[in-house]
Amino acid sequence: MLLEMDNLGRIRMLMRPTSILVIFLSSLCLATADKPNAADITFFEEKIRPVLAEKCFKCHSGRAQKLRGDLKLDSRAAILKGGEEGPSVTVGKPNESLLIKAIRHEIPDLEMPPKEKLSAAVIKDFEQWVSRGAVFPEGAKKVDVAWWDRVDAKKLLPKGKSIAEVVDHYVDAKLAVDKVKPVSQADDHEFIRRATLDLAGRIPTVHEVEAFVADKAKDKRAKLVDRLMASDSFLRHQAIEFNWLLMDKQDSKMANYLTTALKEGRSWDKIFREVILPNQADEKQRDAAGFIKERVKDTDVLTVEVSVKFFGVNVSCARCHDHPEVPSWKQDHYYGMKSFFNRTFDNGDFFGEREYGQVSFTTTKGESKKAKLMFLSGSELKEPEAKEPDKKAKDAEKKRNEQFKKDKKPLPAPKFSRRAQLVEAGLKSGDDGFFARAIVNRIWHQMFGHGLVMPLDQMHGANSPSHPELLQWLARDLVEHDYDLRHLIRGLAQSKAYARASRWGDSQRPSPSYFAVALPRVLTPHQYGASLAIAVQDLGDFAKQNPEEQAKRLAGWEKHGHGWANQFERPRELFQISIDEALYLSNNDRVRRELLAESGKLIGNLLKLEDRRERIAAAWLAILSRPPAKDELNAADDYLTARADRLPEAWKQIVWSLLTSAEMRFNH
């Protein structure tokens, strides 16, 4: 073990990490006290509700012609109440739940469904659902008019105002109405660390911290934001984050595309167009094809992923039934969206799109219906009639496709592309609100740790934002600035709301949706890896080097740090640091070799300093981007005094403790 459990434990107790972790966990509780968390809602909508609708509601719901066993399964209250045999679910205990026993076919004459057993994977999903609390989103008042239609565009703040000014106007207005007093602004050490992590994907160097703190200019925070956004680190960080958004992983081809696209300043609408409708014969766009290529074999997955990632809407609920809370969302919307992709097919190294093909579905009344090409807004798109070809034509088409596959060439685009129609529909004036609001909400969530709309994939008309006018203004502003995400990010980072301190005090913290206090956020794997690599460097003459050389060295350190990313989990709802991560950081020899080495590293530099307290201050500044508090300084001093005969090893313990602390692991 790298950690000695004695006075070093006192150092960690005195550091800020404990309070940061408490703040983070309490914030999560506040965020989920009134409604289920985003992950559980998504799990239910994708894994549970479709099965209930398809297999159970015919006999066990309000729409059943004959209710079996006096049991309804169409609401959480009904499930907990149960039927003739008693409660269907014991929350948190799947093995004690009658519903789970029934779908396992463990009880004779109570098998559900009676004529077929659900797959092992589906049964496992239900077990997990019960274990996670049997979340069943319901009870919201049905809204006939979407929240965005209730916002009076004429009463929004005028165009031309700065984003920062508008953010602070609307956020402060809600605080005033609800009599919530926000905390003061973060100090310089906290602000530069937060901004550098958010904009450059790493902690600041000691040189950057010292220069920023010493700067007396009133506009130094705005200048810091501009400097970070002009750096190569910003491009690398954004490419990584958008890769996660689009691919749910770090895909090398998508990384190439995004790096080039962001470097060239391509707008979000153009990236959307090139991802959904890539020219696969063009090397510059070919790598963008990975988004569809990865999902093309499952049209339902492709439909949901496009809707979620680009429009902020999880349409999976409407696959089996009309949305229970949003009257304007019907099965027609789901299958209308699916129709944009039903003609797209895999063809070797590429994918193609046919000129024909129709989606049909079964309504909740059991009727067969042909889907119309329909966008989320309900707008139906006209298209030329596409007759199904005869067998001879299909055989010829198949032969042609096989030849293109053999030659490793992309198929020519159809004369009428349904995917092209989706791009046009999504960006059409009047319907572009879905597209603009979704990316605004995601960027806001990335910068603040909590979206204006939560969950991020439930941006439907019945789920009103915490600040409706603000979201509408930001979406309108983004469209007017040609979907320039840099413009949006810069504006958010320069707001007072973004710059608030993260400590609340002894009273209960307000809901995260007030943005009255900064919300601690777990670092992403790449942020943490890059920060570890930079924290332990012996910067030497870094401050004396020219900007080009500094940028080159930073790029090398970040790349090395990104190599650590696979050891850490991507943060998610209710995220907790894994045992695997703790064990890795405690026991893996790579940690000692690369993070705790003396030669050319932080520890070696610390040992060269003559004054012990100067060493302690230098360690805190390098790793936590701030000076130590008085009690931290005294505790570290006592620890080192007790180990005067083995100082190098003692310093390794202190540096390791700081590197693996909650304060280091969070952005706050």
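The values are calculated or read from the model by the stated rules, or taken from the named source; none is laboratory data. Bear in mind that the values here come from a model prediction, so they are computed numbers and not experimental data. Neighbour counts are summed over all protein chains in view; Cβ atoms, including those assigned to glycine, are modelled from backbone coordinates with ideal geometry. Ligands, DNA and RNA are stripped out before the accessible areas are found, and what is left, the full protein with its side chains, is counted by its heavy atoms. Shrake-Rupley method; radii C 1.70, N 1.55, O 1.52, S 1.80 Å.
Assorted remarks:
- Conditions (1) open to solvent by 20 Å² or more (accessible area, probe 1.4 Å); (2) touching a Ser or Thr at 6+ places or on another chain (Cβ under 7 Å); (3) part of a loop (DSSP other than H, G, I, E, B); (4) farther than 30 Å from residue 602 by Cα; number of the one not met by residue 455: (1)
- Qualifying residue in the stretch 59-72 (condition: under 31 Å from the mean Cα position of the chain (by Cα) and crowded, with 19+ Cβ neighbours inside 10 Å): no
- Count of residues meeting criterion [assigned to a helix (DSSP H, G or I), farther than 25 Å from residue 433 by Cβ and either touching a Lys or Arg at 6+ places or on another chain (Cβ under 7 Å) or open to solvent by 10 Å² or more (accessible area, probe 1.4 Å) (or both)] in the stretch 257-272: 3
- In the stretch 276-291 there is no residue matching the filter, namely being within 23 Å of residue 523 (Cβ to Cβ) and assigned to a helix (DSSP H, G or I).
- Any hit, the stretch 231-243, residues being in contact with a Lys or Arg (Cβ under 9 Å, 6 or more places away or on another chain) and in a loop (DSSP other than H, G, I, E, B): no
- Total residues in the stretch 614-668, condition closer than 23 Å to residue 519 by Cβ and outside any helix (DSSP H, G or I): 8
- Considering (1) open to solvent by less than 50 Å² (accessible area, probe 1.4 Å); (2) over 30 Å from residue 273 (Cα atoms); (3) touching a Pro at 6+ places or on another chain (Cβ under 9 Å), the lone condition that residue 471 does not fulfil carries the number (2).
- Residue in the stretch 434-441 that is of a type outside the set (A, V, I, L, M, F, W, C), in contact (Cβ under 8 Å) with a residue 12 or more places away in the chain and either touching an Asp or Glu at 6+ places or on another chain (Cβ under 8 Å) or open to solvent by 90 Å² or more (accessible area, probe 1.4 Å) (or both) present: no
- Options 253, 216; residue that is outside any helix (DSSP H, G or I) and out of contact with any Ser or Thr (no Cβ under 7 Å at 6 or more places or on another chain): 216
- Pairs, first closer than 22 Å to residue 311 by Cβ in the stretch 272-295, second open to solvent by 10 Å² or more (accessible area, probe 1.4 Å) and charged (D, E, K, R), C-beta under 6 Å, six or more apart: 276/419; 277/419; 285/274; 288/274; 290/251; 290/253; 295/305
- Close pairs from the stretch 113-129: first charged (D, E, K, R), partner open to solvent by 80 Å² or more (accessible area, probe 1.4 Å), Cβ under 6 Å, at least 6 apart: 125/47
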